[in-house]
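The values are calculated or read from the model by the stated rules, or taken from the named source; none is laboratory data. These figures come from a predicted structure and were not determined experimentally. Cβ: placed from backbone, ideal geometry, glycine included. Neighbour counts: every protein chain shown. Areas reflect the complete protein model, heavy atoms only, side chains present, ligands, DNA and RNA absent. Shrake-Rupley method; radii C 1.70, N 1.55, O 1.52, S 1.80 Å.
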Amino acid sequence: MSRLVVISNRVQPPAKGAGGNQGGLAVALLAALRANGGLWFGWSGETTECFTGEIDFQRDGRVVTATIDLERQDVDEYYNGFANKTLWPLFHYRIDLTEFEREFDSGYARVNRRFADTVVPQVEPGDLVWVHDYHLIPLGQELRDRGIANRIGFFLHIPWPPTGLMLSLPSHRKLVESLFAYDVVGFQTADWLDSFRDYVLTQMGGSEGADGRLTAGGRTIRAIVAPIGIETAGFEEAATSDAARFARERMYMSATGRSLIVGVDRLDYSKGLRERFLGYERFLSGNPERQGLVYMLQIAPPSREKVSAYQEIRADLDELSGRINGEYADIDWVPIRYVNKGYPRGELAGIYRAARVALVTPLRDGMNLVAKEYVAAQDPADPGVLILSRFAGAAAQMQEAVLVNPYSAEEMADAIVTALSMPRAERIRRWEALIDSVRREDVHWWCDLFLTALRDAAVKEKACAP
Ligand code: ADQ
């Protein structure tokens with residue numbers, strides 16, 4: 001079996017001992033790395049005065065993690081700049097928030113070159129190389145330019161935007177051309193792949209062959225759909241752990257018989273938190289008889305705090321939750337509990353299990369793992385109801401959820417009423433269909449699907465010696 005080299009912006013070191021608090025992606029990648037032996041390379045999250053390219057290696061059995069520090073300017077231009085002020089908003093259809101700066105472009109290119117320069121000596125012939133996400137789109141081309149002839153795959157965790165939006169990126173052509181250095185390019189859903197294909201066919205004079213093959217500029221890649229899953233077995237187990245039971249009891253005690261509606265998201269404008277609060281407010285105003293019988297818990301740990309759009313959304317949500325609570329709260333009831341911190345996996349699973357309803361209503365999302373975690377955490381005999389945005393990639397696999405348009409406060413309010421009044425038999429029927437796909441298409445299935453496509457790719461004559 002080939003050794004695996006994973007390259008992503010950040011690296012998750014193997015957990016110390018049992019019961020680590022890793023996300024599903026880390027669990028799956030580490031499992032694949034352990035199975036074949038491998039290296040996981042990325043940024044340490046630390047900054048240094050001057051870039052040295054010095055690698056910090058950590059070995060854990062057959063897995064080696066390797067991290068480098070970046071200069072402050074790199075972090076500003078590559079991470080906070082091109083990745084999170086340009087690509088993230090644009091790829092989530094938020095052109096109003098997208099910033100175009102030439103320094104961001106050059107910082108992004110520089111860090112991708114730095115990644116390539118540092119990792120190339122670590123890559124051995126026969127290794128499978130798997131690059132992750134929008135931070136590193138040009139990395140495959142940089143590796144080819146340095147003579148790497150291995151099979152290289154790329155997986156995009158976020159949506160691919162429609163061609164009309166993509167064209168607003170000044171460097172769109174160069175960015176997309178660089179994807180043709182890979183052997184396999186993976187997307188979360190058929191919708192994102194369709195948008196990518198449309199760009200290739202209409203803007204690059206490309207052509208389409210069998211089995212997802214796309215050719216442009218004399219180079220061929222295989223573009224596939226590989227929806228990411230969660231570590232379902234581990235999450236189901238976490239939902240019945242002591243930590244989960246304890247969290248659930250805390251929730252029940254503080255709920256005093258009220259139904260809990262939960263939301264769990266990174267504090268990000270793509271997650272539709274403002275629209276969710278407004279939908280909930282519409283539910284409260286339209287259903288006075290239900291006021292006092294439900295409450296919403298929104299957990300939203302801050303992220304990317306150096307980017308001003310994230311500071312603004314935080315201030316906006318503080319204000320909005322305060323206004324709704326000010327308007328509807330009573331002496332013994334607060335309609336929204338809004339918490340800005342993260343919770344360990346066991347506690348989170350307990351909170352999901354205590355919730356009668358989950359609101360997972362992003363305005364746009366590559367996949368959304370919270371929807372799958374909520375389903376995995378439910379009590380099979382008395383499951384809660386998932387309200388899911390039609391614009392989350394997860395909706396393609398989770399049609400038995402109550403699907404909503406998150407831009408419509410009325411539709412959201414109606415969906416909350418539907419969920420709260422849903423008979424147990426229907427809740428069980430929907431949940432059984434949902435858990436079936438969450439179990440079948442878990443994160444290990446996703447990993448295998450991608451790596452099988454990559455292994456099957458014919459070795460291409462792409463490498464050009466430096
Ligand atoms: P994210 O945008 O980060 O990921 P998501 O898929 O929702 O979004 O995953 C968030 C993860 O963070 C979940 O595992 C969740 O449990 C965890 N989390 C959120 N709030 C938490 C809290 N308060 N405490 C503890 N954990 C918390 C990107 C894309 C997604 C895609 C993933 C994976 O934007 O669309 O699903 O990558 O490909």
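Only one residue in Val370, Val385 is surrounded by 22 or more Cβ atoms within 10 Å (Cβ to Cβ), away from the ligand (no atom under 12 Å from the Cβ) and of a type in the set (A, V, I, L, M), so which one is that?
Testing whether each residue is surrounded by 22 or more Cβ atoms within 10 Å (Cβ to Cβ), away from the ligand (no atom under 12 Å from the Cβ) and of a type in the set (A, V, I, L, M) leaves just Val385.
Any residue in segment 23-47 that's in a helix (DSSP H, G or I): show its pairings with residues that are open to solvent by 10 Å² or more (accessible area, probe 1.4 Å) and within 15 Å of the ligand (Cβ to nearest atom) at Cβ separation under 6 Å, as long as the two are six or more apart or on different chains.
Filtered contacts from segment 23-47: Gly24/Glu231; Ala26/Gln12; Val27/Glu231; Ala28/His444.
Among what's in segment 333-361 and is open to solvent by less than 10 Å² (accessible area, probe 1.4 Å), more than 23 Å from Ser241 (Cβ to Cβ) and assigned to a loop (DSSP other than H, G, I, E, B), pick the residue that is farthest from the ligand (Cβ to nearest atom).
Pro335
I'm told Trp130 meets every condition in (1) out of contact with any helix residue (DSSP H, G or I) (no Cβ under 6 Å at 6 or more places or on another chain); (2) within 16 Å of the ligand (Cβ to nearest atom); (3) open to solvent by 10 Å² or more (accessible area, probe 1.4 Å) except one. Can you identify the failing condition by its number?
The number of the failed condition is (3).
Would you point out the residue of segment 314-328, among those that are open to solvent by 20 Å² or more (accessible area, probe 1.4 Å), at pLDDT 95 or above and touching a strand residue (DSSP E or B) at 6+ places or on another chain (Cβ under 9 Å), that is nearest to Lys85 (Cα to Cα)?
Asp318
In this structure, is Tyr79 open to solvent by 30 Å² or more (accessible area, probe 1.4 Å) and hydroxyl-bearing (Ser, Thr, Tyr)? Break it down stepwise before answering.
Numbers: open to solvent by 30 Å² or more (accessible area, probe 1.4 Å): yes; hydroxyl-bearing (Ser, Thr, Tyr): yes.
Yes: the conditions hold for Tyr79.
Can you tell me which residues in segment 113-127 are open to solvent by less than 30 Å² (accessible area, probe 1.4 Å) and either assigned to a strand (DSSP E or B) or not aliphatic (A, V, I, L, M) (or both)?
Across segment 113-127, the qualifying residues are Phe115, Thr118, Asp127.
If you go through segment 412-450, how many residues are of a type outside the set (Lys, Arg) and in contact with an Asp or Glu (Cβ under 7 Å, 6 or more places away or on another chain)? Walk me through how you get there before you give the answer.
Restricting attention to segment 412-450, the residues satisfying the condition of being of a type outside the set (Lys, Arg) are 412-423, 425-426, 428, 431-438, 441-450.
Restricting the remaining residues to those that are in contact with an Asp or Glu (Cβ under 7 Å, 6 or more places away or on another chain) gives 433-434, 442-443.
Total meeting the criteria: 4.
Hey, can you tell me all the residues within segment 252-271 that are open to solvent by less than 20 Å² (accessible area, probe 1.4 Å) and either closer than 15 Å to Trp333 by Cβ or more than 12 Å from the ligand (Cβ to nearest atom) (or both)?
Ala255, Leu260, Ile261
Can you say whether Ser285 is free of Cβ contacts under 8 Å to residues at least 24 places away in the same chain and either of a type in the set (D, E, K, R) or open to solvent by less than 60 Å² (accessible area, probe 1.4 Å) (or both), as far as the supplied structure shows? Outline the logic, then answer.
Values: free of Cβ contacts under 8 Å to residues at least 24 places away in the same chain: yes; either of a type in the set (D, E, K, R) or open to solvent by less than 60 Å² (accessible area, probe 1.4 Å) (or both): no.
Spelling it out, it is not the case that Ser285 is free of Cβ contacts under 8 Å to residues at least 24 places away in the same chain and either of a type in the set (D, E, K, R) or open to solvent by less than 60 Å² (accessible area, probe 1.4 Å) (or both).
Could you check, for segment 84-98, whether at least one of its residues is under 24 Å from Leu179 (Cα atoms), in contact with a strand residue (DSSP E or B) (Cβ under 6 Å, 6 or more places away or on another chain) and in the same structural domain as Met166 (by TED's automatic domain parsing)? Can you show your working first?
Taking segment 84-98 as the starting set, the residues that turn out to be under 24 Å from Leu179 (Cα atoms) are 84-95, 98.
From what is left, the residues that are in contact with a strand residue (DSSP E or B) (Cβ under 6 Å, 6 or more places away or on another chain) are none.
No - not one qualifying residue is present in segment 84-98.
I'm checking my understanding of the structure. Among residues of segment 133-161 that are open to solvent by less than 10 Å² (accessible area, probe 1.4 Å) and among the small types (Gly, Ala, Ser), which one is nearest to the ligand (Cβ to nearest atom)?
By that ranking, first place goes to Gly153.
Of all residues in segment 41-63, count the ones that are under 14 Å from Val119 (Cβ atoms) and crowded, with 19+ Cβ neighbours inside 10 Å.
Within segment 41-63, residues that are under 14 Å from Val119 (Cβ atoms) and crowded, with 19+ Cβ neighbours inside 10 Å number 3.
State which residue pairs qualify: first residue under 30 Å from Trp192 (Cα atoms) and inside segment 337-365, second residue polar (S, T, N, Q) and modelled with pLDDT under 95 in any location, beta carbons under 8 Å apart, and separation of 6 or more residues or different chains.
Every condition considered, the pairs that remain are Arg345/Asn21.
Based on this model, can you work out whether Asp76 counts as closer than 25 Å to Pro13 by Cα and of a type outside the set (Ser, Thr, Tyr)?
yes
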